[in-house]
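Asks: First the structure, which I've put down as structure tokens, then a few questions once you've had a look.
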Amino acid sequence: MKGLFWANIKKRPTRTIVSIFAVALSVIMVLLFEGLTNGLIKDSAQRTKNTRADLFFQPPGSSLLFALNNATMPYKIKDKLLAVNGIKYVSPMIHQFNKKTFSLIFGIEPNSFNQVSDNGLVIINGRLFKNPYECIVDDIYQKSHHIKLGDKIKVLNHKFTIVGIFRSGIGARIMVPLKTLQDLTDSHNKVSIFYIKCDSKKDIEKVYNYLKNTPPFKGYTVTRAADIYKLMTSSLPGLEEFTIVLISISVIISFFVILLTMYTTISERTREIGILKSLGASNFYIISMILKEAFALTFIGLGTGIGATFLIVKFLHKIHPSLIIDIQLKWIFIIIVLAIFSGIFGAFYPAIKAARQDPVEALTFE
Amino acid sequence: MDINSRELSVGNIVVVKNVTKIYKVGKVDTPALRGINLKVKKGEFLAIMGPSGCGKTTLLHLVGGLLTPTSGKIYVDGYDITRLKDRDRTNLRREKIGFIFQRYNLFPGISVRQNLELAKHIKKDEDGEGFLEDVINMLGLREKLEHKPLEISGGEQLRVAIARAVIGKPSIILADEPTGSLDSHSSQIVLEMLRNLNLKYNQTIVMITHNSDAAAYAHRIVKMKDGQIEDKDKGAIYSFEHQSLFTF
């Protein structure tokens with residue numbers, strides 16, 4: 001049985017390799033997408049959390065993916081927030097996504113940012129920005145882009161001089177003066193978010209409820225730091241739908257590739273199936289033989305896909321060290337289950353067709 | 001077990017009663033067998049001869065349970081195979097019947113040994129190792145076990161097909177023109193082997209052949225013409241004196 005199994009797998013090496021690659025490709029597609037989204041969200045959430053802010057205050061209906069929001073809140077809300085009982089510090093910011101560098105940029109006021117983050121912004125080389133077109137970058141950004149102090153980077157089509165390197169893990173990888181970012185985004189005296197530090201941990205819930213229910217803050221989006229990751233993943237517009245579509249495409253690719261492979265296989269092996277039937281092989285025997293072959297192709301495809309995904313991740317990390325790709329075990333498990341399901345299901349019709357072949361017709365097949 | 005009729009009680013392993021087979025090709029009915037009656041005794045070596053298209057292979061496929069007759073009854077080792085479900089006919093093929101095809105029908109991608117092991121696996125023949133080894137030696141296949149079928153000669157391929165057919169010690173071996181594509185010397189060797197199997201293991205063999213020299217190895221020759229058995233009263237031809245115990 002094993003001999004025939006491997007002989008059949010090896011019979012058409014090109015077809016076998018193409019099938020394996022097709023399954024692997026769908027695995028890579030899902031794992032990389034999930035890894036990238038999870039990585040970006042998790043990293044973003046973690047760095048936001050590391051700012052040590054207790055609450056985040058945003059315009060009504062805002063996304064927790066901060067970079068998706070425009071700066072629409074008046075800067076002066078800061079004073080109203082500071083007047084709320086239990087709030088100690090407020091740091092206004094603009095979060096901006098830089099398409100060119102595929103990175104997040106924070107427009108900050110260094111003083112209030114350091115107040116909220118308990119001096120979490122640690123400059124390890126250089127200094128904080130003092131002038132409008134100066135910026136600071138984190139050490140990962142510096143390493144991945146091989147830059148040094150005094151170099152210039154382009155942010156929103158404007159050149160900024162790098163004056164400081166800060167320890168990574170907090171906020172964004174690039175930080176510029178809030179005022180400059182307001183000017184560049186035509187958001188004078190506007191901000192996209194306020195980071196809030198409460199007097200103590202016990203005040204967080206009280207302040208949160210107050211902001212949620214008391215005018216003029218009522219209607220604004222308020223998020224606890226503790227909820228940030230969960231809310232980020234659930235509030236990313238279309239993420240869930242896109243994931244479902246992507247997984248469906250992946251399952252359909254695997255299904256059809258295996259279906260086509262096994263269908264052509266059994267068509268070529270009609271005579272062989274006739275011989276097996278003449279030897280007394282049952283329908284179950286023939287079905288299980290075809291399904292085992294499909295399972296092997298799917299399994300090898302899965303292994304190749306998972307292995308290739310990790311190699312691609314390694315390669316991406318080499319060329320983009322700042323890129324966070326978080327491939328979760330959960331998704332590996334999901335893709336294994338789905339690929340096996342689609343592989344077996346794809347082989348089922350050819351297997352039934354093979355088992356139902358008339359033995360005499362099969363034996364006379366040329 | 002279906003019946004235990006009088007025919008079976010006198011040692012007939014195959015009984016074919018009034019069997020007809022009509023192939024439908026579109027709206028056209030093509031009769032292949034027209035009321036065949038045939039009995040084969042246990043341990044008999046029977047040759048069926050006849051011109052091409054006379055229905056020999058159809059008869060063999062019917063006895064082997066690969067086809068079902070249009071009418072009539074076929075008993076194989078006590079089973080009325082015309083009443084068996086597909087699954088039961090498969091079981092019957094597995095347990096009671098061994099096929100030898102003219103084109104040998106070996107699996108070309110695997111070795112001789114793997115071909116034999118595959119048959120052993122399908123036939124669930126767990127305790128036939130000694131018997132198989134014996135057959136391998138008897139058929140002179142020991143040196144060829146690791147070769148693939150296309151790496152050995154036609155005569156050797158046929159010997160592998162014979163070895164595969166006897167795995168599981170089936171009640172009956174059905175051979176469809178086994179020596180059809182061999183030269184006379186190779187044919188002779190293979191036919192000697194079939195006769196030895198028949199003698200040593202009391203193996204019932206039904207062999208289709210065009211060749212009267214090959215048929216001469218059988219205990220009895222049945223001639224067919226136009227889907228019928230020709231002149232059945234003259235069907236008893238005994239090639240070997242010591243096996244003349246068969247009477248029909």
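Asks: What are the residues in segment A:174-210 that are surrounded by fewer than 22 Cβ atoms within 10 Å (Cβ to Cβ), farther than 28 Å from A:F160 by Cβ and not aromatic (F, W, Y), if any?
Replies: Hits for segment A:174-210 are A:C198, A:D199, A:S200, A:K201, A:K202, A:D203, A:I204, A:E205, A:K206, A:N209.
Asks: A further question follows. Here is a check on your reading of the model: is A:L276 buried (at least 16 other Cβ atoms within 10 Å of the Cβ), farther than 16 Å from A:S26 by Cα and hydrophobic (A, V, I, L, M, F, W, C)? Don't jump to the end; show me each part of the working.
Replies: Values: buried (at least 16 other Cβ atoms within 10 Å of the Cβ): yes; farther than 16 Å from A:S26 by Cα: yes; hydrophobic (A, V, I, L, M, F, W, C): yes.
For A:L276, the condition - buried (at least 16 other Cβ atoms within 10 Å of the Cβ), farther than 16 Å from A:S26 by Cα and hydrophobic (A, V, I, L, M, F, W, C) - is met.
Asks: Given segment A:81-128, what strands (runs of 3 or more DSSP E) lie entirely inside it while holding 2 or more residues that are open to solvent by less than 10 Å² (accessible area, probe 1.4 Å) and under 24 Å from A:S187 (Cα atoms)?
Replies: Numbers: elements: A:87-98, A:103-108, A:123-126.
Ranges flagged: A:87-98, A:103-108.
Asks: Within segment A:136-157, which residues are farther than 19 Å from A:I319 by Cβ and at pLDDT below 85?
Replies: The answer is A:K154, A:V155, A:L156, A:N157.
Asks: Can you name every residue in segment B:38-57 that is closer than 16 Å to B:I97 by Cβ and either open to solvent by 20 Å² or more (accessible area, probe 1.4 Å) or within 14 Å of chain A (Cβ to nearest Cβ) (or both)?
Replies: B:K42, B:T57
Asks: So which of A:I306, A:I252 ends up being within 22 Å of the chain's Cα centre (by Cα), open to solvent by less than 60 Å² (accessible area, probe 1.4 Å) and within 30 Å of A:I41 (Cβ to Cβ)? Can you show your working first?
Replies: Numbers: A:I252 fails: open to solvent by less than 60 Å² (accessible area, probe 1.4 Å).
Sole residue among the options that is within 22 Å of the chain's Cα centre (by Cα), open to solvent by less than 60 Å² (accessible area, probe 1.4 Å) and within 30 Å of A:I41 (Cβ to Cβ): A:I306.
Asks: Among the residues of segment A:264-302, what is the count of those that are more than 14 Å from every other protein chain (Cβ to nearest Cβ) and touching a residue at least 40 places away in the same chain (Cβ under 8 Å)? Please lay out each step first, then the result.
Replies: We begin by selecting, within segment A:264-302, every residue more than 14 Å from every other protein chain (Cβ to nearest Cβ); these are A:264, A:266-267, A:290-291, A:294-302.
Filter once more, so that each one left must be touching a residue at least 40 places away in the same chain (Cβ under 8 Å): A:264, A:266, A:290-291, A:294-302.
Residues meeting the conditions: 13.
Asks: Among the numbered criteria (1) crowded, with 18+ Cβ neighbours inside 10 Å; (2) of a type in the set (D, E, K, R); (3) touching a Lys or Arg at 6+ places or on another chain (Cβ under 6 Å), which one does A:R269 miss?
Replies: Checking A:R269 against (1) crowded, with 18+ Cβ neighbours inside 10 Å; (2) of a type in the set (D, E, K, R); (3) touching a Lys or Arg at 6+ places or on another chain (Cβ under 6 Å), the one that fails is (3).
Asks: Okay, moving on. Report every pair of residues separated by at least 6 positions or lying on different chains whose Cβ atoms are under 7 Å apart, first residue within segment A:38-50 and of a type in the set (A, V, I, L, M), second open to solvent by less than 20 Å² (accessible area, probe 1.4 Å).
Replies: Note: pairs meeting the criteria are A:I41/A:M232; A:A45/A:I228; A:A45/A:M232.
Asks: Considering only segment B:111-145, state which residues are within 8 Å of chain A (Cβ to nearest Cβ) and acidic (D, E).
Replies: Correct list: B:E117 only.
Asks: Condition first: part of a helix (DSSP H, G or I) and out of contact with any strand residue (DSSP E or B) (no Cβ under 7 Å at 6 or more places or on another chain). Now tell me which residues in segment A:190-211 satisfy that. Talk me through it step by step, then tell me what you get.
Replies: So the first thing to find is which residues in segment A:190-211 are part of a helix (DSSP H, G or I), and the list is A:203-211.
Scanning segment A:190-211 gives A:D203, A:E205, A:K206, A:N209, A:Y210.
Asks: Can you find a residue in segment B:153-163 that is over 19 Å from B:N198 (Cβ atoms), in a loop (DSSP other than H, G, I, E, B) and open to solvent by 40 Å² or more (accessible area, probe 1.4 Å)? Can you show your working first?
Replies: Going residue by residue through segment B:153-163, those that are over 19 Å from B:N198 (Cβ atoms) are B:153-154, B:156-157.
Next, only the ones that are in a loop (DSSP other than H, G, I, E, B) stay: B:153.
Checking which are open to solvent by 40 Å² or more (accessible area, probe 1.4 Å) leaves us with B:153.
For segment B:153-163, residues over 19 Å from B:N198 (Cβ atoms), in a loop (DSSP other than H, G, I, E, B) and open to solvent by 40 Å² or more (accessible area, probe 1.4 Å): present.
Asks: Considering only residues that are within 14 Å of chain B (Cβ to nearest Cβ) and of a type in the set (G, A, S), which ones fall in segment A:1-59? Outline the logic, then answer.
Replies: First pass over segment A:1-59, keeping only residues within 14 Å of chain B (Cβ to nearest Cβ): A:1-13, A:16.
Answer for segment A:1-59, where residues must be within 14 Å of chain B (Cβ to nearest Cβ) and of a type in the set (G, A, S): A:G3, A:A7.
Asks: Taking the condition of being surrounded by fewer than 19 Cβ atoms within 10 Å (Cβ to Cβ) and within 10 Å of chain A (Cβ to nearest Cβ), how many residues in segment B:71-110 meet it?
Replies: 6
Asks: Then there's this: Scanning for something within 15 Å of the chain's Cα centre (by Cα) and in a helix (DSSP H, G or I), does segment B:173-187 turn up at least one residue? Reasoning before the result, please.
Replies: Step one: filter segment B:173-187 for residues within 15 Å of the chain's Cα centre (by Cα), giving B:173-180.
Keeping just the survivors that are in a helix (DSSP H, G or I) gives none.
Looking for residues that are within 15 Å of the chain's Cα centre (by Cα) and in a helix (DSSP H, G or I), one finds none in segment B:173-187, hence no.
The values are calculated or read from the model by the stated rules, or taken from the named source; none is laboratory data. Just so it is clear, the structure is predicted and the values come from calculations on it, not from any experiment. Cβ coordinates were reconstructed from backbone atoms using ideal geometry, including for glycine residues, and neighbour counts include every protein chain displayed. Only protein heavy atoms, including side chains, enter the accessible area calculation; ligands, DNA and RNA are left aside. Shrake-Rupley method; radii C 1.70, N 1.55, O 1.52, S 1.80 Å.
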